[in-house]
Amino acid sequence: MSAAKYGIVLAKITGAALKAIYVVNIDLLKQLERARIFVKVEELDYERDLEEDGWNYLRDITDLANSKGLSLETELLKGTVHKIAIQKVEEWGADLLIMGELEPGLARQDTFHDETGLIFRKARCSVLMAKDTERIDELFESIT
Amino acid sequence: MKLSTLLRREAIVVPMQNTDKKLVIEELLDAALATGQILDRAKALQSLLDRENLGSTGLEKGLAIPHARTSAADGIVMALGVAPEGIDFQAADGGLSHLFFLLLASDALTGTYVQILALIARLNQQADFRQKMLAATTPEEIIAVIRKTEE
C-alpha cells in the first residue's frame, strides 16, 4: 500500500499519469504443484483466492487515488512477477517503477527476494522502493 | 519472512514419538497448540486430514508438509517434527520422511501461506540443511540450523 501512496503523492506533485498492476504469481503456484506440495484442486483454489486479493488491493488503491482527485488505471495479471512488471514498464513507456519495501528480514530463499532483484536489474526505467511507511502516510495525508 | 522467526521452540518435536500417519499429524498439531493460535483442535485436525485425503503431503528427500487453510487457525501456525529414523508417510518418492513441517493458515492469508510453503521446499533442497536438521537434538539447535541457512 505504501508504494501506491507514494506513487499518488508523486503523481499529484508532478502531474504524471499513474498506473498500477497486481500480479498473481501463477509461476509459484505451478512450481508448488509440480513439487507435489499442492494437488491440482488446491492450485486452482489458491489461484482464485489470490486473484480476489488482487482485485481487492486494486480497488483499495483506486479509492486512495480518487480520494486525492487522481484517476488510476489498473490491471490484474497472472504469471511471473518480474517478467510481467518489466513487460508492462516497456509497454507503457514508464518513466518510473515504484515497488513496496520488502521485509527487512526476508530470507534469501524467499521467492520475493529473487523477483525484486530481477526487477531492479532488468527494468529499463528507474526503479524506486518505497520505504518508511509512517513518513509516506504523512506525505499522503498532507496532499489534498 | 523467515521460518526461524515464525517457528516457536515450543512447537518443535524432536524426536517424533509416533509412526502412524494420523498420529504423527496429531502429535504435530498438539505441538502447534502451544502457539495459542489453534482455535479449534478438532476442526484443525479435520482440515489436515481432509487435505491428506486429496494426496499425501509426504514429498521428496525426506520432507513432509502436512498443511491446510482453516478457520480453526488464527493467522499462520507452524510446528516442526524431526524423525531421524524416518516415518512412512506415503512420500512421493517412496522413501521415509524425516522432517515434518505442519502449516496451518487462516483463510485470508493465502499469499503468505503459499510463500511459506515455497520457502520450506527451497530450504529442503539443500543437502547440508537436511543433514544438520537430522543431527539436531533440541529445538534450540533446530532453530539455529534454520536461522543459519536462511542467512
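We did not get these values from a lab; they are worked out from the coordinates using the rules stated. Quick caveat, the model's predicted, so the values are computed rather than measured. With ideal geometry, Cβ positions are generated from the backbone for all residues, glycine too; neighbour counts draw on all protein chains shown.
Using a Gaussian network model of chain B in which every pair of alpha carbons under 10 angstrom is joined by a spring, one finds that among B:123, B:99, B:28 the greatest mean-square fluctuation is at B:123.
The 3J(HN,Hα) values that the Karplus relation (6.51, -1.76, 1.60; θ = phi - 60°) gives for region B:23-32 are, in residue order, 5, 4, 4, 5, 4, 5, 5, 5, 5, 5 Hz. Gly and Pro appear as x.
Please give the net charge around residue A:93, taking every other residue with its beta carbon less than 13 angstrom from that of residue A:93, where Lys and Arg add +1 and Asp and Glu add -1.
Working: positive: A:19, A:88, A:124; negative: A:90, A:91, A:95.
Value of the local net charge: 0.
With only Lys, Arg, Asp and Glu charged, each at its Cβ (+1 for the first two, -1 for the last two), find how big the charge dipole of region A:1-48 is about the Cα centre; round to the nearest 20 debye. Kindly include the intermediate steps, with their values, before the conclusion.
Working: 8 positive and 6 negative charges, 51 e Å.
In debye, rounded to 20, region A:1-48 gives about 240.
With the simple spin-label model, which puts each label point 7 Å out from Cα in the Cβ direction, the residue A:118 to residue B:127 separation comes to 2.7 nm.
Can you say what percent of the DSSP beta bridges in the protein assembly as shown, counting only those with both residues inside, are antiparallel? Round to 5. Provide the component values of the computation, followed by the final result.
Working: 10 of 29 bridges.
DSSP beta bridges in the protein assembly as shown are roughly 35 percent antiparallel.
Mean-square fluctuations from a GNM of chain B, with a 10 angstrom spring cutoff on Cα atoms, peak among B:13, B:77, B:114 at B:114.
The shape of region B:3-150 can be summarised by an equivalent ellipsoid whose semi-axes, obtained from the alpha carbon gyration tensor, come to 21, 17, 15 Å from longest to shortest. Translational diffusion of the protein assembly as shown, estimated by Stokes-Einstein from the Kirkwood radius over alpha carbon pairs at 25 °C in a medium of 0.890 mPa s, is 119 µm² per second. Counting only DSSP beta bridges with both residues in region B:3-150, the antiparallel share comes to about 60 percent.
Please report, in debye to the nearest 20, how large the charge dipole of region A:2-142 is about its Cα centre when each Lys and Arg carries +1 at its beta carbon and each Asp and Glu carries -1 there.
Numbers: 19 positive and 27 negative charges, 119 e Å.
Dipole magnitude for region A:2-142 comes out near 560 debye.
The helix-based estimate of mean residue ellipticity at 222 nm for chain A, built from -39,500 (n - 2.57) per DSSP H run of four or more residues and divided by its residue count, is -19000 deg cm²/dmol to the nearest 500. Compare A:85, A:11, A:35 in a GNM of chain A, Cα atoms joined below 10 Å, and give the one with the largest fluctuation. Of the options given, A:35 has the highest mean-square fluctuation.
All other residues with a Cβ under 12 Å from the Cβ of residue A:53 taken together, and with Lys, Arg as +1 and Asp, Glu as -1, what is their net charge? For residues surrounding residue A:53, the net value is -4.
Summing charges over neighbours of residue B:20, with a neighbour being any other residue whose Cβ is under 12 Å away from its Cβ, gives -1 when K and R count +1 and D and E count -1. When region A:1-131 is described by a simple charge dipole with +1 on each Lys and Arg Cβ and -1 on each Asp and Glu Cβ, the residue from A:87, A:126, A:31 located farthest towards its positive end is A:126. For the Cα trace of chain A, dividing Rg by the Kirkwood Rh returns an Rg/Rh value of 0.99.
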